[in-house]
Every structure is written in structure tokens, then in C-alpha cells.
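Novice: Okay, here's the structure, questions in a sec.
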Amino acid sequence: MAEFSTSIINKGDVSVINLSGYLDAHTAPTLEDNFTDLIDQNKFKIVVNFNDLAYISSAGLGVFMAYIEKIRNNNGDIKLTNMNDKVFNIFDLLGFPLLYEIFKTDEEAVTKFNESSGVGSK
Amino acid sequence: MNSNRNNIIDSFQFRLFLISVGVLLVFKLFVSSSDQLVYGIISDILLLFTITFLFISLVGFFEERKINPLSLIMNIGIISAFIFFLIFFYSSIISLFFENVNDDPSNPGFLSTIFTFVYFLLIIGFTTYVLVALRHLFFLGQSTNKHIYFNTMIVFFLLASLSIRFTTSDELSFISTTFFIVSTLLMLINSLRISWIAFLTKKEKITLLFMSVVITVLFIVNASNTGNDNSINLIFLSFSKSFNVFVSLILIYSAIYFSMLFFTTLFHIPTAEVFDRKAQEVSSLQYFSKLITQVLDFDELTETVTDITIKVSNADASWIIWKEHNDFVPIANNNIGFVDSELINKFILRKVSWDGLSETTFLKLTEFDELVKVSKLYKALAVSPLKAHGKVKGLLVAVRKDETRFNEEDRNAIATFSDYASVAIENSGLLEESIEKERLEKELDVAREIQKKILPEKNPVYDGLEISSVFIPAFEVGGDFYDFFEISKTKLGFVIADVSGKGISAAFIMAEVKGIFESLSKIIESPKEILMKANEILNRTLDNKTFVSAVYGLIDIERGQMKISRAGHCPVILLRNDIAQSVKPSGIGLGISEVDHFKEHLDEVIIELEENDTIVLYTDGITEAKNENLDDFGEKYFTEILLENRNNIVDEISKKVIQAVTMFSYNHSQYDDITLVILKWKPLQSEEGRRDRQKIKTDGDKKWQNSAHQL
């Protein structure tokens, strides 16, 4: 399908992954690589910005599930930000808001990380 | 010389030659006949045997090995020089050892006889070698059998030689003269067969030109020396008159042959380059055909590519720089270590731009500051792009250790070859793709087959319930699944689910999910509990990035009641009194969160059914169907169509929905499975039942509406 790309910005000790394009079974490995790299660098405070993401499929959702346990075991977390209604709806249907913290902006997510240095797993 | 197999000394013919040499020596030493004619004939016959045996053994020797014509000509040149010295300095050599040897040639002493014998033996050896070598050159590059021409010439050589013996008077001399002339004519004809020079490279032709002119001059001098009436001529005559003629003939033949060779080569020089190019193309084609047979295996192919690169460019090592993800890695390293090639790669990529390289380029490795880290001191480097569809896929690298830089010829060779290699590598990729595609298609066939078998063949039949179900698979099996469970005559369970991911893995999970619900529906009635149990099982079996969204429902016909639980699936749409309501109790997808967390957030709603209540279950294949602008079909449009058709029978409603989806996504391929299940409540009117249902309804209504509002 269409293109998908990511970019990573560091905000303090929090890494922000910006997603753009279509995240599906074919493009999911790109995001998986990003997570693997961050984990390898012991960066467990991760914010994923959905601002430019046009579409996410079930395989794309699976990427977040695959890494959350390891990240939370290391006192980190994946927080999600800037979702448009369509993407939020998909997350919402699956009950992801019960599992992940979703914020309007990166700043809110980063602040949350800084407030409680180390969010335990649910 | 290979001593155990092809040793000329061991051959039978050579032994015969040695024996005949011995006999001839004995004859020359001890037999002296007054009858000059008989003595001469016997001597000539022995001589003939000697030469014949040597000739045959040399022919055998030549045929057993591949001899480069140029080195053969070089040998002839050396031998012609020997002959020249033997003939020219004969008298001076002789006079050094035997002062009076020439005084009476008809009555030589013992030592001088031996000396003369050895001398002639050398002449015999050299001339026979020249003859055999010329024979070898004659047959070189001949496709048809031309033995007859050469053999006829030899026969006339012998006739001309032997007939001189019988030419006692001048009247009869015309016989040997005729033979001599015929021999010369045959020589001329046979000297024209030199087509082999066409296949020499320009360099070789120039070498040949110089060699042939020197050899021609030497042979002309030799021939004139043996034919003239000088002292050497007398010695020859004393040994054998016939042999003198024979040697003369061979020397003349050589002179003619090499002068012919000289002129032909001279005329070939201007076209040599064209021939070179043609020959290059032919050998490239051979390499190319070698590549074609290996497109099945990428690794093998690239290894052959680097192997041939070394051959065509006379390089010491070769490898390919290949782009993998965003990394440039050396592959198919030939004669060079991985570490070395990686070091040099960095240098190359600093010097040339990956996409900008359009032709073979030479680099001086002496400019490489980290060359000392490389284990071998490479000096010159050639890099050539491997392109497919106009894009650079890899770089073919060749390096040399010695000072000689790559020249224009090497550039052409590498460039031509890298073009062929590009095509082969591209083909290999295409083949791999098509094999992969075929494999995927086979796999998808299996997945579709599984899905088809898993889905219910027909809808169950219940009094008071209209049921319609539609399933349209996507090309890549999307993992949609629905099923009905006829729990009892008055209870119907149903499930709609969507497995994350696609293809064969989704199909297998689907099969597992079917099994889970099938068995759970037999022992548990509550949708909530069934989903809880299913989550527990799937949490154990699914990998951590796969999940299943599902809605499980149970309709109690007797009580006119429906219980629904939702695990991350699309909401259930309830059409009642011209209003579409989204029934969306809380619930996380199956296989996502751990048991307690799942349980905590899972709700179950009870809907008291009213007449004509229409329950619509669907998967996101409908709402996420896309048009050419990639707009979603959307819940809003979906609900509109449902409401428009709410008074139709369920099959008609399904039809309208599918029509609308099809029309909407007409210009966009169906990406996900589409599943639509519609149930319509058409209770049989009995007073008792209606009253009962009315009573239960009031509490239930509130409950599910609350749940729906929560999220």
C-alpha cells in the first residue's frame, strides 16, 4: 500500500517517534526496528506521535503490544499522542485506551514521564 | 614435460627411431661398399626410416597437447637459428677439431664420421621438428579434413628426394625436377592455410609479424645455403644426396610458409582490433550464458560474477557492494577478506556517489589513507555499477595488487561484463519475486480454503429470527470469522471475530478461535464468561503482537432477550424504531491484556428484543472499505443505508449494504475481508410470551444503553 516512515526526536530522556503514512502488516517492521533500537539503547521512555499517521491496521496495533511488556518491565512506557479521531477510534474499539496512556500533545506525555519517573505496569 | 604420461622418450615410435639411428650409425661406420648406388639406396632407406619414426613420434607428441601457435612459432624460430648456425658455421666448427676433414670427404676417418653423423642427426632432428610443427600449424583452425593436401606434399617431397638418387644422367634429371616443382606448388597451396592468425589478438599479431619476418629471412638463408655449391653442400652430398633435397624442400617450405604468414599478418593488422572486439564479445557471450544458468541462486550468481570479473579484468580480487536496508555490505567476496573489502568500501563510497555512478571508474588506492589497515597492498581499483531498471543495485569492484593500472581494455571488459551481470542479477531478482509470489499465492489459496471450511455453510433456522450472513474474502485472507452455535431449540449463540494480521497465519488462528468458541459455547452460556475464557486461552497461545477482536452474543428466543459481550470488536448496531443505536459495551480485544485486567473491563449487555429489532454485526472491512481517494466508507454512511432498508427482509438489507460498499470502493481493491451478519427479531405472536418479555425489558434497556454511553 502507501508509504510509511518514522522519525525519532529526543526530548530529554524521552524518545519521541513520529509516525507518518500507513502503518499496516507491510510497513510494521519499520516501527518494530525503531522499538528494537530504542530498547537496545536502554531508552524505555517512548512517546509515539500519531499526528501524520493516516491509517493503522491490526498488524500495526500489534507492534505496540509486542514491546510494551519489556518496556514496562524496565520502568518505561509507551505513551501515545496526537491521534486523529479515526485512529483513536480504532484504538478505542480494541480497548487500547485501557492499556496505554493517550495524550493530546507530546509535551503532556513528556511531562507525565517526568512527573513519575517510572510508570509501573498496569 | 609430463614424464609419466606423454613422455616422448617412452613412446614406441621413438624407440624405433633410436633403433634406426643405431642401425644407421653402424651402417655408416662399418659398411663401405664400392657400389655407390646400392650403398646409397640402403643408406637412404635407413635414413627414411629414421626420419619417418621421428616424424611419427613427434606428431604424436604434438597432438597430445594443446600448443599455443605463437610459442610453436617461437620454437621454430629458435630451431631455424640453430640450423642457420649449423649450416653457416659448419666449416669453421669442423676446422676447429679436424684440420683435414674436408680434404677428402669420400674417405673420412672414424672420428669425423661420428662427428658428421651427430651433425646430421641434429639436422634431421631440427628439420623434422620444423616439418611436424608446420604440419601442426597447417591443421590449426581447420574445420574440414585436409590431410590429403599435406600428405600429398610429403609424398612429393619424398619422391623429389629419392628420385635424385636415380638421376644419374642429365636426361633423367627432369623427373626429379618435375617432382621438385610439383612439391613447390603444393607448398604454396598449403602455405595459404593460415586462417588461425585471425583469432590472435592485436598484440599477438604484432609479435607474430616480427617473428615471421625474422624466421622467413633465416629460412631463406638456410635454404640458399643448402642448395648452393659450397662446402656444406659437399658434406651433404657425401652423407646423402636425397637428404639434401629433402632438407632443402623443408627449408623452402618453411621460408614460403613464413613469408606468407608475414604478409597475411601484415594485412590482418588493420582489422585486428575489430577481430579482438568480436572475440571479446564471443567470450563475453560464453560468460553470459554461464550467468544465465545460475540465476536460480542469488549467492551462486554473485560469486560467479566476481569470479568472472577477476578473469576478464586480470584482477587479484573482486566483490560486490550491495545495499541492504540502509547499509552497504560486501558480498560474494572473491579472493579478499570481508574486513578488507569493508574498509575499501568506505573509501569507494567516499569517492563515488552510489546513484551517480554511470560507468566503470578507476580509483587509485594509493590515495586511500587507511590502506595500511588492509592486509594486502592493493594498488588499483575499478568500480562498475550494477543497474536494474536504471537504478544502481550494487557496485562491482575489482582490485589489483601490482603497479599496472587498469587500462582501457580492462575498462571495456569490466563494463561489458557488469552490464551482463546486471541483467542476470535483475533476472534473478525477478525470478525470486515470481517464485515468492507464487508461494504466497499458494499459501493464500490454503488460507482461503481454511477460511471457507471454517465459516458456516448455511445459516441456522429459528422460529422468530431472520438471519442473513455475507462474507467476502479479501485477496490476502483478512482473518474474519463468524459462526452460529445452536445451543438449544430456543437458544442461539453467535460470534463475529477478526484476527489481526493476514494470510495463512490469520487463517490458522481463525481455526483455533473457531474451536475455542465451538467448545466454550457448549459449556458456558454467558457471552461475558465465554469471552473471558477465550481471552485466557488466546493469551497463552497467541504471540505477543497478535490479537482477536470479537463479539459474542446469545439470543434467548423464549424470553426475547439478547446478551452481548464485546472484546475490542466493532460495535453492534441495533436498528429499532427508525433509529440506529451503537451497542458498544466495554471490552478489550482477546489476547491483548492479562486475565484480570481483561475481566475488569469486560461488560455484558442485555437487550430485550422488540419486534423488528434488527441486529447488525460487522467487521471493519465494511467501515474501512476505501474509495479511490482513500476515504473510508465509514459508520455514518453504513448506518444510513441500514436505516433506509430497515423494513426489508434481512437478505435484502445485506444486499443493499454490499452493493453500496462495492459501488463505493469500485476503484480501490478490497484490502480486508468483509463480514456482515444481520439478525431480525420477528417473534411469533403469543400473548404469554409478549407479556413476559415486556416485564424483563425495562431493567435491561437501561443497562446496555449505559454501557454504550460510557465509551
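Novice: Do the conditions hold for B:Gly560, that is, is it farther than 27 Å from B:Thr623 by Cα and open to solvent by less than 10 Å² (accessible area, probe 1.4 Å)?
Specialist: Numbers: farther than 27 Å from B:Thr623 by Cα: yes; open to solvent by less than 10 Å² (accessible area, probe 1.4 Å): yes.
For B:Gly560, the condition - farther than 27 Å from B:Thr623 by Cα and open to solvent by less than 10 Å² (accessible area, probe 1.4 Å) - is met.
Novice: Another question, then. Report, by residue number, each residue of segment B:563-590 that is surrounded by fewer than 24 Cβ atoms within 10 Å (Cβ to Cβ), more than 9 Å from every other protein chain (Cβ to nearest Cβ) and either in a loop (DSSP other than H, G, I, E, B) or among the hydroxyl-bearing types (Ser, Thr, Tyr) (or both).
Specialist: Hits for segment B:563-590 are B:Asn577, B:Asp578, B:Ser582.
Novice: Out of (1) open to solvent by less than 40 Å² (accessible area, probe 1.4 Å); (2) over 44 Å from the mean Cα position of the chain (by Cα); (3) of a type in the set (Gly, Ala, Ser), what's the single condition that is false for B:Ser519?
Specialist: (1)
Novice: Based on this model, can you work out whether A:Asn10 counts as within 11 Å of the chain's Cα centre (by Cα), part of a strand (DSSP E or B) and more than 10 Å from chain B (Cβ to nearest Cβ)? Can you show your working first?
Specialist: Values: within 11 Å of the chain's Cα centre (by Cα): no; part of a strand (DSSP E or B): yes; more than 10 Å from chain B (Cβ to nearest Cβ): yes.
Judged against the criteria, A:Asn10 is not a match.
Novice: Ok, one more. I'd like the full set of residues that are part of a helix (DSSP H, G or I) and open to solvent by 20 Å² or more (accessible area, probe 1.4 Å), limited to segment A:35-58.
Specialist: Keep residues of segment A:35-58 that are part of a helix (DSSP H, G or I), which gives A:35-40, A:58.
Within segment A:35-58, A:Thr36, A:Asp37, A:Asp40, A:Ser58 qualify.
Novice: Filter segment A:92-113 down to residues that are under 18 Å from A:Gly62 (Cβ atoms) and in contact with a strand residue (DSSP E or B) (Cβ under 7 Å, 6 or more places away or on another chain), then give me how many there are.
Specialist: Taking segment A:92-113 and keeping what is under 18 Å from A:Gly62 (Cβ atoms), we get A:92-100, A:102.
From what is left, the residues that are in contact with a strand residue (DSSP E or B) (Cβ under 7 Å, 6 or more places away or on another chain) are A:93-95, A:100, A:102.
Looking only at that region, the number is 5.
Novice: I've got another one for you. Give the residue that is farthest from the other protein chains (Cβ to nearest Cβ), with candidates limited to residues of segment B:596-608 that are open to solvent by 10 Å² or more (accessible area, probe 1.4 Å) and within 22 Å of B:Phe484 (Cα to Cα). Break it down stepwise before answering.
Specialist: Applying the first criterion (open to solvent by 10 Å² or more (accessible area, probe 1.4 Å)) to segment B:596-608 yields B:596-597, B:599-601, B:603-604, B:606.
Filter once more, so that each one left must be within 22 Å of B:Phe484 (Cα to Cα): B:603-604, B:606.
On the way: B:Asp603: 11, B:Glu604: 15, B:Ile606: 21 Å.
If we take residues in segment B:596-608 being open to solvent by 10 Å² or more (accessible area, probe 1.4 Å) and within 22 Å of B:Phe484 (Cα to Cα), then B:Ile606 is farthest from the other protein chains (Cβ to nearest Cβ).
Novice: Next question, about the same structure. Check off (1) part of a strand (DSSP E or B); (2) facing chain A (nearest Cβ under 10 Å); (3) surrounded by fewer than 19 Cβ atoms within 10 Å (Cβ to Cβ) for B:Asp543 and give me the number that stays unchecked.
Specialist: Among (1) part of a strand (DSSP E or B); (2) facing chain A (nearest Cβ under 10 Å); (3) surrounded by fewer than 19 Cβ atoms within 10 Å (Cβ to Cβ), the lone unmet condition for B:Asp543 is (1).
Novice: Which is touching a Phe, Trp or Tyr at 6+ places or on another chain (Cβ under 6 Å) and at pLDDT below 90, of B:Leu218, B:Leu208, B:Leu200, B:Leu234? Spell out the reasoning first.
Specialist: Numbers: B:Leu208 fails: touching a Phe, Trp or Tyr at 6+ places or on another chain (Cβ under 6 Å); B:Leu200 fails: touching a Phe, Trp or Tyr at 6+ places or on another chain (Cβ under 6 Å); B:Leu234 fails: touching a Phe, Trp or Tyr at 6+ places or on another chain (Cβ under 6 Å).
Only one candidate qualifies: B:Leu218.
To keep it simple, each residue is scored yes or no on (1) surrounded by fewer than 22 Cβ atoms within 10 Å (Cβ to Cβ); (2) at the interface with chain B (Cβ under 9 Å from one of its Cβ atoms).
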{"position": "A:Ala66", "(1), (2)": "yes, yes"}
{"position": "A:Arg72", "(1), (2)": "yes, no"}
{"position": "A:Asp77", "(1), (2)": "no, no"}
{"position": "A:Tyr100", "(1), (2)": "yes, no"}
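Novice: Kindly indicate whether A:Val16 is more than 13 Å from chain B (Cβ to nearest Cβ) and of a type outside the set (S, T, N, Q). Give the steps one after another, and end with the answer.
Specialist: Details: more than 13 Å from chain B (Cβ to nearest Cβ): yes; of a type outside the set (S, T, N, Q): yes.
Spelling it out, A:Val16 is indeed more than 13 Å from chain B (Cβ to nearest Cβ) and of a type outside the set (S, T, N, Q).
Novice: Do we find a residue being assigned to a helix (DSSP H, G or I), at pLDDT 85 or above and within 23 Å of the chain's Cα centre (by Cα) anywhere in segment B:338-354?
Specialist: So far as segment B:338-354 goes, yes, one or more of its residues are assigned to a helix (DSSP H, G or I), at pLDDT 85 or above and within 23 Å of the chain's Cα centre (by Cα).
Here is a yes/no grid of residues against (1) at pLDDT 80 or above; (2) under 24 Å from B:Ile250 (Cα atoms):
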| residue | (1), (2) |
| --- | --- |
| B:Phe17 | yes, yes |
| B:Val21 | yes, yes |
| B:Val26 | yes, no |
| B:Val31 | no, no |
| B:Ser34 | no, no |
| B:Leu37 | no, no |
| B:Asp44 | yes, yes |
| B:Leu54 | yes, yes |
| B:Phe62 | yes, yes |
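Novice: Exactly one condition in (1) hydroxyl-bearing (Ser, Thr, Tyr); (2) more than 10 Å from chain A (Cβ to nearest Cβ); (3) not in a strand (DSSP E or B) is false for B:Ser593; which is it?
Specialist: (2)
Novice: Could I ask something else about it? In segment A:45-62, what count of residues is obtained for those that are in contact with a Lys or Arg (Cβ under 8 Å, 6 or more places away or on another chain), more than 9 Å from chain B (Cβ to nearest Cβ) and free of Cβ contacts under 8 Å to residues at least 40 places away in the same chain?
Specialist: 2
Novice: So B:Glu525 ticks every box in (1) crowded, with 24+ Cβ neighbours inside 10 Å; (2) without any contact (Cβ under 8 Å) to a residue 40 or more places away in the chain but one. Which box is left unticked?
Specialist: That leaves (1) as the condition not met.
Novice: Take B:Asp556 and tell me if it is acidic (Asp, Glu), at positive phi and away from chain A (no Cβ under 14 Å). Outline the logic, then answer.
Specialist: Numbers: acidic (Asp, Glu): yes; at positive phi: no; away from chain A (no Cβ under 14 Å): yes.
Spelling it out, it is not the case that B:Asp556 is acidic (Asp, Glu), at positive phi and away from chain A (no Cβ under 14 Å).
Novice: Hey, another quick one. Being touching a strand residue (DSSP E or B) at 6+ places or on another chain (Cβ under 8 Å) and either open to solvent by 50 Å² or more (accessible area, probe 1.4 Å) or free of Cβ contacts under 8 Å to residues at least 12 places away in the same chain (or both) is true for just one of B:Asn334, B:Asn314, B:Asn326. Which residue is that? Even if it seems obvious, please write down each step before you answer.
Specialist: Details: B:Asn334 fails: either open to solvent by 50 Å² or more (accessible area, probe 1.4 Å) or free of Cβ contacts under 8 Å to residues at least 12 places away in the same chain (or both); B:Asn326 fails: touching a strand residue (DSSP E or B) at 6+ places or on another chain (Cβ under 8 Å).
Only one candidate qualifies: B:Asn314.
Novice: Same structure, new question: Please find, within segment B:631-645, the residue that is farthest from the other protein chains (Cβ to nearest Cβ) out of those that are open to solvent by less than 60 Å² (accessible area, probe 1.4 Å) and of a type outside the set (Ser, Thr, Tyr). Walk me through how you get there before you give the answer.
Specialist: First, the residues of segment B:631-645 that are open to solvent by less than 60 Å² (accessible area, probe 1.4 Å): B:632-634, B:638-639, B:641-643, B:645.
Retained after the next criterion (residues that are of a type outside the set (Ser, Thr, Tyr)): B:632-634, B:638, B:641-643, B:645.
On the way: B:Asp632: 7, B:Phe633: 12, B:Gly634: 9, B:Phe638: 13, B:Ile641: 19, B:Leu642: 18, B:Leu643: 21, B:Asn645: 25 Å.
Looking at residues that are open to solvent by less than 60 Å² (accessible area, probe 1.4 Å) and of a type outside the set (Ser, Thr, Tyr), I get B:Asn645.
Novice: Name the residue that is nearest to B:Tyr618 (Cα to Cα), counting only residues in segment B:492-516 that are surrounded by fewer than 23 Cβ atoms within 10 Å (Cβ to Cβ) and within 14 Å of chain A (Cβ to nearest Cβ).
Specialist: Among those residues, the one meeting the criterion is B:Gly503.
The values are calculated or read from the model by the stated rules, or taken from the named source; none is laboratory data. Here the structure is a predicted model, which is why all the values come from computation and not from measurement. Because the Cβ atoms are built from the backbone with ideal geometry, glycine has one as well, and the counts that use them run over all protein chains shown. To get the accessible areas, we keep the full protein, side chains included, count just its heavy atoms, and leave off ligands, DNA and RNA. Shrake-Rupley method; radii C 1.70, N 1.55, O 1.52, S 1.80 Å.
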